[in-house]
Amino acid sequence: MPMSPPAKPGQSFAEIDTPALILDLDAFERNLVAMAAFAEAAGMRLRPHAKTHKSPEIALRQIAHGAVGQCCQKVSEAEVLVAGGITDVLVTNEVIGASKLDRLARLARDARIGLCVDHVDGVREAAEAAQREGVVLDVLVELDIGGRRCGVAPGEAAVRLAEAVARHNSLQFRGVQAYHGAAQHMRSIDERQEAIERAMLSTRNAVERLSNAGLPCEIVSGAGTGTFELEGRSGVWNELQCGSYIFMDADYARNRKADGTTFDSFEHALFVLAGVMSKPVPDRAIVDAGHKAAAVDSGMPVPYGRSGLIYTKPSDEHGVLTGDPIAVPHRGDTVLLVPGHCDPTVNLHDWYVCVRGLSGPDAHVEAVWPVAARGALT
């Protein structure tokens, strides 16, 4: 049964029930504009990653700001996006199994659909699914450029795989997937730059080999919120897959720029609004947001605008705030928490409560959007 939203449009910020997933519309919209401006200035396509937001409402706003389509990780996410009006979707992951591939191929009746491959059996299975549904699927060869996850070595193996794709009438070779996930959260700019430099050399080598084999890469797709400026300057990548930039979680905020200051290209726009249920002692308060409200795999949530206040010791439904007694909120107060990792935090909630004027006295709920692909794992 769908859960009732924690707020309704028109309500004041003070009327929002807790815990709630809050989207600061003003910061979110500035983030949209900032990334779109970068992509345009760099002459690159922008294909944001929907695994971050799981929302056709957000995807449509990204496309309105110039994005060519969306990435996602799962077929079920692609299904939600297409049902929500997105007409160009790339599954940036390996899709295994006839059932999933048939579902993906069926989407190609209503949208341009692509997927990644890193094995010849995956090519054959995708081709068979596309033939069964009478469609053509776009295919990118996934390269391992340092992430040590999926992908083939960016050399002769990539050429052989692309040649296998080209032999099937139901598949169209479009280029390569070259995403270095591990580089996104390297803290120093020197570390990130070194990793992307190595990735750039590998990717360029693969693209040149493919071109020499008569398989030019229309798309060289990759990059993330932590490294997009590096890929943008490389002259190799032509499509950005950044996702977290729209929300800017606490972990990305720990990355450092060249001058040693924190990464501030984007603003915090996503929060968990927690309510204080108890203050048993002056220097400790208990909030109603624990593991089931905020992911902690990339560190604890950070209290927003609350200097000296620390979130710690989450359990299923509780979180602990500690600090100077003057800073610790009282029973009945609310606290905004910046999640450590935005993607899995979003997946814990049914609704975005979209707030306008969050930083001012007239903060109010402008809209409530469903997290439509919540739990979309297949």
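Some notes on this structure:
Residue-by-condition table, conditions (1) more than 14 Å from the chain's Cα centre (by Cα); (2) β-branched (Val, Ile, Thr):
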| residue | (1), (2) |
| --- | --- |
| Ala20 | yes, no |
| Ala27 | yes, no |
| Met35 | no, no |
| Glu40 | yes, no |
| Met44 | yes, no |
| Lys54 | no, no |
| Ile58 | no, yes |
| His65 | yes, no |
| Gly69 | no, no |
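- For the range 216-242, residues that are crowded, with 23+ Cβ neighbours inside 10 Å and either under 11 Å from the mean Cα position of the chain (by Cα) or of a type in the set (Val, Ile, Thr) (or both) total 5.
- Looking at Ala223, Ala258, Ala250, Ala213, just one residue is small (Gly, Ala, Ser) and in contact with a Gly (Cβ under 6 Å, 6 or more places away or on another chain), and that residue is Ala250.
- Selected residue [crowded, with 17+ Cβ neighbours inside 10 Å and of a type in the set (Gly, Ala, Ser)] from Ala83, Ala127, Ala64, Ala41: Ala127
- Only one of Ala108, Ala67 that is at pLDDT 95 or above, among the aliphatic types (A, V, I, L, M) and under 27 Å from Ala37 (Cβ atoms): Ala67
- Test: residue in the range 159-171 that is out of contact with any Asp or Glu (no Cβ under 9 Å at 6 or more places or on another chain), outside any loop (DSSP other than H, G, I, E, B) and acidic (Asp, Glu): yes
- For Arg198, the criteria (1) at pLDDT 95 or above; (2) touching a His at 6+ places or on another chain (Cβ under 9 Å); (3) not in a helix (DSSP H, G or I) hold in every case but one, which is (3).
- For the range 294-336, the candidate set comprises residues that are more than 15 Å from Thr18 (Cα to Cα) and of a type in the set (Ser, Thr, Tyr); within that set, the residue that is nearest to the chain's Cα centre (by Cα) is Ser298.
Rundown of residues vs (1) within 18 Å of the chain's Cα centre (by Cα); (2) surrounded by fewer than 22 Cβ atoms within 10 Å (Cβ to Cβ); (3) closer than 21 Å to Thr334 by Cα, yes/no style:
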site: Tyr245; (1), (2), (3): yes, no, no
site: Ala258; (1), (2), (3): no, yes, no
site: Thr262; (1), (2), (3): no, yes, no
site: Ala274; (1), (2), (3): no, no, yes
site: Val287; (1), (2), (3): no, no, yes
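- Every residue from the range 173-195 that is surrounded by fewer than 16 Cβ atoms within 10 Å (Cβ to Cβ) and not in a helix (DSSP H, G or I): Arg187, Ser188
- Residue match in the range 281-301 (condition: hydrophobic (A, V, I, L, M, F, W, C), assigned by TED's automatic domain parsing to the domain that holds Leu358, more than 24 Å from Ser359 (Cβ to Cβ) and not in a loop (DSSP other than H, G, I, E, B)): yes
- Residue within the range 244-253 that is more than 21 Å from Val33 (Cα to Cα), among the aliphatic types (A, V, I, L, M) and out of contact with any Lys or Arg (no Cβ under 6 Å at 6 or more places or on another chain) present: no
For (1) in a helix (DSSP H, G or I); (2) buried (at least 21 other Cβ atoms within 10 Å of the Cβ), each residue gets a yes or a no:
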| position | (1), (2) |
| --- | --- |
| Ser315 | no, no |
| Val320 | no, no |
| Pro325 | no, no |
| Pro329 | no, no |
| Gly332 | no, no |
| Gly340 | no, yes |
| Pro344 | yes, no |
| Val353 | no, yes |
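- The listed residue being in contact (Cβ under 8 Å) with a residue 12 or more places away in the chain, hydrophobic (A, V, I, L, M, F, W, C) and within 16 Å of Tyr179 (Cβ to Cβ), out of Leu140, Leu107, Leu81: Leu140
- Per this entry, Cys242 is counted among residues that are in the same structural domain as Ala34 (by TED's automatic domain parsing) and in contact with a Phe, Trp or Tyr (Cβ under 6 Å, 6 or more places away or on another chain).
- Tally of residues being of a type in the set (Ser, Thr, Tyr), under 22 Å from Leu25 (Cα atoms) and out of contact with any helix residue (DSSP H, G or I) (no Cβ under 8 Å at 6 or more places or on another chain) across the range 240-264: 0
- For the range 195-239, a residue qualifies if it is in contact with a helix residue (DSSP H, G or I) (Cβ under 9 Å, 6 or more places away or on another chain), within 30 Å of Leu60 (Cβ to Cβ) and hydrophobic (A, V, I, L, M, F, W, C), and the qualifying residues are Cys217, Val220, Ala223, Phe228, Leu230, Val236, Trp237.
- Taking the conditions (1) under 27 Å from Asp110 (Cα atoms); (2) crowded, with 23+ Cβ neighbours inside 10 Å in turn, Met35 satisfies each one other than (1).
- Boolean, Asp118 is closer than 20 Å to Ala376 by Cβ and modelled with pLDDT of 95 or more: no
- Among the residues making up the range 126-154, a single one is in contact with an Asp or Glu (Cβ under 7 Å, 6 or more places away or on another chain) and at positive phi: Gly151.
The values are calculated or read from the model by the stated rules, or taken from the named source; none is laboratory data. In this text the structure is predicted, and so the values were computed from the model without any measurement. Please note: Cβ atoms are built from the backbone with ideal geometry, for glycine as well, and neighbour counts cover all protein chains shown.
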